[in-house]
Amino acid sequence: MSQVFNEAGLVCPVTVIEIGDVVVTQVKTKEKDGYNAVQVGFGERKAKNISRPVKGHIKDLGNFMFLKEFRLSADDTTVGSYKVGDKVDPTTFANGDIVEVSAISKGKGFQGVVKRHGFKGGPGSHGQKHCENAPGSISGGTRNGGRVPKGMRMAGRMGSDRISIRNLKIVGVDTASKELMVSGAIPGRRGTLIEIRG
């Protein structure tokens, strides 16, 4: 994350997103494949780490780290404007555009109920010794008759979820370094694959 100053001189927190060479690897049409979609490749990896079926699919377009398919609506006529080998660059976006950003959030591992769900925990005095983060009763007096009801908030694996944030604003577009500046924070760590929809 970083910060920029707008025209009024106010500071705006931004997230800098690198947009490398995004190459169209396949165009799917309703007539041939049953639905409209555009598949793109991004990133780079060693050729020895790519399976032979994928090599045959992407041919000489590049050694992509990620392949992602974006489905289009059945009545979308823009699918014909894409060709295999076309590149998507930062000029697709402009200052002031409102976008939706999706990514996998940071993984936190196995966490208790206080951190995972914001439980208050037990009191810190009156004979308490090791129960500050205990969840307390999990059923007992419920109408389930002593059985733990489904959906009960308990300790468990936290993070690594797909998170989408809407109504983020494009603050800056740097075509030279192929970077986008989006207002606010976005999910994920450094190096996370980000999906941006206009």
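Read-outs throughout are calculated quantities, based only on the coordinates presented, and are distinct from any laboratory measurement. Note that the structure is predicted; figures quoted are calculated from it, not measured. Here Cβ is always computed from backbone atoms with ideal geometry, including for glycine, and neighbour counts include all displayed protein chains.
Please find, in a Gaussian network model of the chain (springs between Cα atoms separated by less than 10 Å), the residue of GLY159, GLY127, GLY118 whose mean-square fluctuation is greatest.
Highest fluctuation of the listed residues: GLY127.
Give the value in nm², to one decimal: projected area of the alpha carbon convex hull of the chain, averaged over all directions.
19.7 nm²
Using DSSP to call loops (not H, G, I, E or B), can you name the GluC sites (Glu not before Pro) in the range 1-95 whose Cβ has at most 16 other Cβ atoms within 10 angstrom?
Here the sparse-neighbourhood loop sites are GLU7, GLU44.
Provide the per-residue ³J(HN,Hα) series for the range 125-140, in order, calculated from phi with Karplus coefficients 6.51, -1.76, 1.60 and θ = phi - 60°, each as a whole number of Hz, with x at glycine and proline positions.
Whole-Hz 3J(HN,Hα) from phi for the range 125-140: 9, 6, x, 5, 10, 10, 10, 5, 10, 6, x, x, 5, 10, 6, x.
Which aspartates and glutamates, on any chain, are close to LYS48 with Cα under 15 Å apart, when same-chain ones fewer than 8 places away are left out?
ASP60
To the nearest Å, what is the center-to-center distance of the range 107-124 and the range 151-167, using C-alpha atoms only?
Taking the Cα centre of each part, the range 107-124 and the range 151-167 sit 14 Å apart.
³J(HN,Hα) across the range 36-50 via Karplus (A = 6.51, B = -1.76, C = 1.60, θ = phi - 60°), whole Hz, x for Gly/Pro?
9, 7, 10, 9, 10, x, 8, x, 9, 9, 5, 4, 5, 9, 10
Could you work out the percent of alpha carbon pairs in the range 21-113 separated by over 15 Å, rounded to a whole number?
69 percent
When the Karplus curve 6.51 cos²θ - 1.76 cosθ + 1.60 is applied with θ = phi - 60°, which whole-Hz ³J(HN,Hα) does each residue of the range 154-162 get, with x for Gly and Pro?
So the Karplus estimates, Gly and Pro as x, are 9, 5, x, 6, 10, x, 6, 9, 7 Hz.
Roughly speaking, what % of Cα-Cα pairs in the range 109-159 are separated by over 12 Å, rounded to a whole number?
Counting pairs separated by more than 12 Å, the tail of P(r) holds 66 percent.
If the cut-off is a Cα-Cα distance under 18 Å, which aspartates and glutamates reach LYS30, setting aside same-chain residues fewer than 8 apart in sequence?
Cα-Cα hits under 18 Å: GLU69, ASP75, ASP76.
Evaluate the distance, in nm, between pseudo-label points positioned 7 Å from the Cα of SER2 and of THR192 along their respective Cα→Cβ axes.
2.0 nm
Among GLY172, GLY159, ILE98, which residue has its Cα furthest toward the positive end of the charge dipole of the chain, with +1 on Lys/Arg Cβ and -1 on Asp/Glu Cβ?
GLY159
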